[in-house]
1. Picking from 59, 66, which residue would you name as being aromatic (Phe, Trp, Tyr), surrounded by fewer than 17 Cβ atoms within 10 Å (Cβ to Cβ), in contact (Cβ under 8 Å) with a residue 12 or more places away in the chain and near the ligand (Cβ under 8 Å from one of its atoms)?
2. Could you go through the range 129-136 and let me know if any residue there is near the ligand (Cβ under 10 Å from one of its atoms), part of a loop (DSSP other than H, G, I, E, B) and in contact (Cβ under 8 Å) with a residue 40 or more places away in the chain.
3. Only one of 3, 76 is under 14 Å from the mean Cα position of the chain (by Cα), away from the ligand (no atom under 11 Å from the Cβ) and at pLDDT 95 or above. Can you tell me which?
4. Can you say whether residue 42 is within 20 Å of residue 112 (Cβ to Cβ), touching a strand residue (DSSP E or B) at 6+ places or on another chain (Cβ under 7 Å) and away from the ligand (no atom under 12 Å from the Cβ), as far as the supplied structure shows?
5. Only residues that are in a helix (DSSP H, G or I) and more than 11 Å from the ligand (Cβ to nearest atom): list them for the range 84-102, please.
6. Please indicate, with yes or no, whether at least one residue in the range 42-55 is under 25 Å from residue 3 (Cα atoms), part of a loop (DSSP other than H, G, I, E, B), in contact (Cβ under 8 Å) with a residue 12 or more places away in the chain and of a type in the set (A, V, I, L, M, F, W, C).
7. So which residues in the range 56-69 are outside any helix (DSSP H, G or I) and within 19 Å of residue 7 (Cβ to Cβ)?
8. From the list 121, 100, 126, pick out the single residue that is surrounded by fewer than 17 Cβ atoms within 10 Å (Cβ to Cβ), small (Gly, Ala, Ser) and closer than 22 Å to residue 21 by Cβ.
Amino acid sequence: MDVEKTLSIIKPDAVKNGYIGEILSRFEKNNLNIVAIKMISLTAQQAQNFYSVHKNQPFFVDLVTFMCSGPVVVQVLEGIDAVAVNRKLMGATDPKKADSGTIRGDFAESIDANAVHGSDSLENASEEISFFFADSEISILS
Ligand code: GDP
């Protein structure tokens, strides 16, 4: 049980639908501290680079278009087993398969507009955090 950092994004659908506060509250209630946060609008280039692992998938263009369709809120979450805890809170990628009580089960609209992104491994978390934040932008909570 290690203290980890992970990257979370509140996607454009959840921002538009007014769920920023409720989603951030779920992190805090589950011992994931918010140690960096910002609201930004992704450029197409940023979205393509961020999701480059999916560049050959049929849904890639839709995914990039969606991620640029409105502002997102990007945060670094810190806590014990943060990567796995956040993935559990998020629920399944497809909201139709996500359990009620998970963020996607409760707030997502579709597999494209699925409310949140969360890093899926510690290695990816480190890369994704660096994609959005300089070390100097991440707080040290003690
Ligand atoms: P995640 O880690 O649960 O977000 O899922 P992935 O990393 O596998 O996929 C990234 C994002 O691409 C997902 O959150 C979805 O928005 C989208 N996506 C993944 N699989 C599909 C799919 O089969 N169809 C569509 N339309 N979008 C998908």
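1. It is 59.
2. Within the range 129-136, not a single residue is near the ligand (Cβ under 10 Å from one of its atoms), part of a loop (DSSP other than H, G, I, E, B) and in contact (Cβ under 8 Å) with a residue 40 or more places away in the chain.
3. From the options 3, 76, the qualifying one is 76.
4. Criteria met by residue 42.
5. Correct list: 84, 85, 88, 89, 96.
6. no
7. 68
8. Sole residue among the options that is surrounded by fewer than 17 Cβ atoms within 10 Å (Cβ to Cβ), small (Gly, Ala, Ser) and closer than 22 Å to residue 21 by Cβ: 100.
The values are calculated or read from the model by the stated rules, or taken from the named source; none is laboratory data. All figures in this text were calculated on a predicted structure; none of them were measured in a lab. Neighbour counts are summed over all protein chains in view; Cβ atoms, including those assigned to glycine, are modelled from backbone coordinates with ideal geometry.
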